[in-house]
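Below: the structure, in structure tokens.
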Amino acid sequence: MSTQSEMHLYAPGHSGCPGCAPSLTLITVLDALGKDIIVVNATGCMEINSSQYPNSAWRVPYIHSLFENAAAVASGISAALRAKGNDHTTVVVIAGDGATYDIGFGALSGMMERNDDVLYICYDNELYANTGVQKSGATPFGANTNTTQVGSKHRGKEGDRKALIEIAAAHGIPYAAQSNIAFIHDVRAKVKKAQGMRGSRVINIFAPCALGAGFDGSQSIKVARLAAQTRMCPMFEVENGEYKLSVNVAPAQKKPVLEYLSLQQRFKHFTPDDVSKVQMKADKYWNHLMKLCGLPTDEQVAAQEKK
Amino acid sequence: MALTTINNSAAIALAASYCKVDVVASYPITPSTPITHELDKLYVNGGFPKFIPVEAEFSAISSLLGASAAGARTFSATCGQGLMLMHEALFSTAGLRLPVVMAVANRAISSPLNIWNDEQDSMCQRDSGWIQLYCKNGQEAVDTVIQAFKIAEKAMLPAMVCLDGFYLTHSVGQVDIPDRDKVAAFLPPYKNPCVLDPQNPLTVGAYAVPADYQDFREDLSADLEASARTIEEVGKEFGKAFGREYGLVEYHNCKDADRVIVTLGSVYNTIELVADALRAKGEKVGVAHLRSFRPFPAADLRANLGGKHVLVVERDISPGAVPPVYAELSEALAGTGSTVSVAAGLLGGREAKRQAFESLFERMKQGKVKGWFCSKEKKL
């Protein structure tokens, strides 16, 4: 007799923290993809949580080699499968933002440039969690991490996060999308859509780390949802070069970034000035995205309302 | 046997395609580029199914380890900085027990930049868990590529076929390219027992805590050591099939010799000429070619060279310590009454004339020799 838990392809018994959003992401992604897949995992929390010899939480074929080579390993597996006449198995990379935005970025870019037949999924918790909370290329402006600490001369991360999905889309790949684990239907829909396509497909799934960002594990989904609602991490997809907004939060209904920031210890040092700086950045990025999607910007909406 | 006049790089690529490689990934770097070009030329004409023109050597080896785990026979060519960039993934390939085969066109390492030949690049990968076989000419390189697949797949360990950059990669000579069908008969299809397969899901590359980790490293070490027998067996089988037999070490006039020079790679050819000339004058000298550096054939060397004065000519260094072949040979011959000497140098394409080797044999008469070879400062 099979229980609900036995039906998950990412099995219970892994050692994710209570409220671990990346673990929930893995369960959701694998169940959406089904059994005909091969997973390539980059070094990181999800690898350490799931594969301590002689145990494994993976009910699908799984390989882990190194931190920075998951995209290249996947390119090779895909080449091998196609060379052997297998044209159905989906090769899936599962990597965190450190492996994706930073150390494995060259391999990912190469994979996308060649349009290798790989579905690349980044669970993005905006920091290096496994090594004890350091900044990554996905860490947002101002965040306090162990390599962007708050002191008398410097106050948190000084740059912005990389626009990974735009960078991916700029490679001309068939599909690139930003999703968010708070919107499970969106994760499933994007993963399934991507699985039905061929070539390089990249999905970045926002999945915050309670421990690293400094909030209670019971709040993970709330924090994730607010990231979308406050424009801190808007959801969209780029299909064959065409940008589409995924969850349309109308400008008038947007929530202020403070609602998102104030839940997390990593922004505790923010002054009202910092908060307005982040608000401006979020609005600016939103409007940039609206232009890409062919949708009205805040300014255009306001002008429309005046009429 | 039919000799073909061919560039060695083209011959090596052809040999790999006769081995029915499924996936090749390679990145341009001098002097292994001609092998890469020839592989691509074969690929675009249907010689094998997949060629991945990667964005860096690190991805070349990484994609091949993935392909190998998915059941494909894999091949690459690189050298020098390319091999250095692969360093971390070389260890992972061996640790995951994936029989990737790679031609290494031995080249100096930066800095300063130098594209010419020595063997520092592969020597500093000696602890990676790869089998390392060195070739002294193009024929050996072709034959060793074919054997390397069989050895690697029996041992479930990756293998490097090392050949001197430029001297061997860019030279044209007479090579017997083994018959394609005979190669197919010699080399059974690759079967990875832990293949990534959705029908039989396995976890490959689990991490190991202190209670388990060392066991994996002990297994790897024992299996690499045991691959010496496989190298010998495959070398004999190859001899039966193609008329050229191979072993771990090639000994030339060593039995009655009192002085022997041991070396790796194409420099052997010059030393053999010198030794033969000295033999003709009645000197009891021999030469040995260390074909297998990993596994290191300590017992074989001890049995054949024990008690003699043995000098290593090696083209690699270990700054702050003695060079590696000398260190390992010294350990192998310890207690046999041997004197072990070393002449290290010929780095970054520096060449030695026959007289330099004659002088080495002469110096050996007076006892132990140890130092830089062909140095501007202190001449050996």
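The values are calculated or read from the model by the stated rules, or taken from the named source; none is laboratory data. Small disclaimer: the values here were computed from a predicted structure and weren't measured. Note that each Cβ is placed from the backbone with ideal geometry, even for glycine, and that neighbours are counted across all protein chains shown.
When A:SER15, A:SER23, A:SER50 are checked against the criterion of being among the hydroxyl-bearing types (Ser, Thr, Tyr) and more than 20 Å from the chain's Cα centre (by Cα), a single residue qualifies: A:SER15.
Annotation: of all residues in region B:351-380 being out of contact with any strand residue (DSSP E or B) (no Cβ under 9 Å at 6 or more places or on another chain) and surrounded by 12 or more Cβ atoms within 10 Å (Cβ to Cβ), the one that is farthest from B:ASN304 (Cα to Cα) is B:GLU351. Restricting region A:184-216 to residues that are in contact with a strand residue (DSSP E or B) (Cβ under 6 Å, 6 or more places away or on another chain) and part of a loop (DSSP other than H, G, I, E, B), the residue that is surrounded by the most Cβ atoms within 10 Å (Cβ to Cβ) is A:ALA207. For region A:118-139, residues that are over 10 Å from the mean Cα position of the chain (by Cα) and buried (at least 24 other Cβ atoms within 10 Å of the Cβ) total 9. Here is the figure for region A:271-299: residues that are under 24 Å from A:GLY241 (Cα atoms) and part of a helix (DSSP H, G or I) total 13.
Looking only at region A:11-42, which residues are touching a strand residue (DSSP E or B) at 6+ places or on another chain (Cβ under 7 Å) and either part of a loop (DSSP other than H, G, I, E, B) or free of Cβ contacts under 8 Å to residues at least 24 places away in the same chain (or both)?
The initial filter retains those residues of region A:11-42 that are touching a strand residue (DSSP E or B) at 6+ places or on another chain (Cβ under 7 Å), namely A:22, A:25-27, A:29-30, A:33, A:36-42.
Hits for region A:11-42 are A:ILE27, A:ASP36, A:ALA42.
Here the condition is being at positive phi and more than 14 Å from every other protein chain (Cβ to nearest Cβ); of B:GLY282, B:GLY205, B:GLY239, it holds for B:GLY282 alone.
The sole residue among B:ALA56, B:ALA108, B:ALA13, B:ALA2 that is of a type in the set (Gly, Ala, Ser), over 20 Å from B:ILE131 (Cβ atoms) and at pLDDT below 95 is B:ALA2.
Screening region B:20-38 for residues that are under 17 Å from B:GLY82 (Cα atoms) and part of a strand (DSSP E or B) and picking the one that is farthest from the other protein chains (Cβ to nearest Cβ) gives B:SER26.
Of these, A:ALA57, A:ALA72, which one is within 8 Å of chain B (Cβ to nearest Cβ) and more than 17 Å from the chain's Cα centre (by Cα)? Can you show your working first?
Numbers: A:ALA57 fails: within 8 Å of chain B (Cβ to nearest Cβ).
Selected residue: A:ALA72, the only one of A:ALA57, A:ALA72 that is within 8 Å of chain B (Cβ to nearest Cβ) and more than 17 Å from the chain's Cα centre (by Cα).
Checking the stated criteria, A:ASN49 turns out not to satisfy the condition of being out of contact with any Phe, Trp or Tyr (no Cβ under 9 Å at 6 or more places or on another chain), under 19 Å from A:MET197 (Cα atoms) and more than 9 Å from chain B (Cβ to nearest Cβ). Applying the criterion of being within 14 Å of chain A (Cβ to nearest Cβ), part of a helix (DSSP H, G or I) and out of contact with any Ser or Thr (no Cβ under 7 Å at 6 or more places or on another chain) to the residues of region B:90-121, the residue that is surrounded by the fewest Cβ atoms within 10 Å (Cβ to Cβ) is B:GLY95.
Residue count for region B:59-89, restricted to those that are more than 7 Å from every other protein chain (Cβ to nearest Cβ), surrounded by 24 or more Cβ atoms within 10 Å (Cβ to Cβ), assigned to a helix (DSSP H, G or I) and not β-branched (Val, Ile, Thr): 6.
Here is the figure for region B:164-202: residues that are exposed (fewer than 14 other Cβ atoms within 10 Å of the Cβ) and on the phi > 0 side of the Ramachandran plot total 0. On the stretch given as region B:267-293, residues that are among the hydroxyl-bearing types (Ser, Thr, Tyr) and crowded, with 23+ Cβ neighbours inside 10 Å total 2. Looking at this structure, is A:ALA95 within 14 Å of another protein chain (Cβ to nearest Cβ), buried (at least 22 other Cβ atoms within 10 Å of the Cβ), touching a Gly at 6+ places or on another chain (Cβ under 9 Å) and within 20 Å of A:CYS45 (Cα to Cα)? So A:ALA95 fits the description; yes. Among (1) at positive phi; (2) surrounded by fewer than 20 Cβ atoms within 10 Å (Cβ to Cβ); (3) within 14 Å of another protein chain (Cβ to nearest Cβ), where does B:MET156 come up short? Of the numbered conditions (1) at positive phi; (2) surrounded by fewer than 20 Cβ atoms within 10 Å (Cβ to Cβ); (3) within 14 Å of another protein chain (Cβ to nearest Cβ), the odd one out for B:MET156 is (3). May I ask you to verify whether A:LEU81 is more than 9 Å from chain B (Cβ to nearest Cβ) and at pLDDT 95 or above? So A:LEU81 fails the test. Within region A:98-110, the residues that satisfy the criterion of being of a type outside the set (Ser, Thr, Tyr) and either more than 8 Å from chain B (Cβ to nearest Cβ) or on the phi > 0 side of the Ramachandran plot (or both) are A:GLY98, A:ALA99, A:ASP102, A:ILE103, A:GLY104, A:PHE105, A:LEU108. Put simply, of B:ARG229, B:ARG217 the only residue that is part of a helix (DSSP H, G or I), basic (Lys, Arg) and within 28 Å of A:LEU66 (Cβ to Cβ) is B:ARG217.
Quick check on A:GLU299: is it crowded, with 20+ Cβ neighbours inside 10 Å and either touching an Asp or Glu at 6+ places or on another chain (Cβ under 8 Å) or over 30 Å from A:ASN146 (Cα atoms) (or both)? Considered against the rule, which asks whether it is crowded, with 20+ Cβ neighbours inside 10 Å and either touching an Asp or Glu at 6+ places or on another chain (Cβ under 8 Å) or over 30 Å from A:ASN146 (Cα atoms) (or both), A:GLU299 comes out as no.
Filtering region B:39-58 to residues that are at the interface with another protein chain (Cβ under 7 Å from one of its Cβ atoms) and among the small types (Gly, Ala, Ser) leaves only B:ALA56.
B:SER9: under 23 Å from B:GLN147 (Cβ atoms), hydroxyl-bearing (Ser, Thr, Tyr) and without any contact (Cβ under 8 Å) to a residue 40 or more places away in the chain, yes or no?
no
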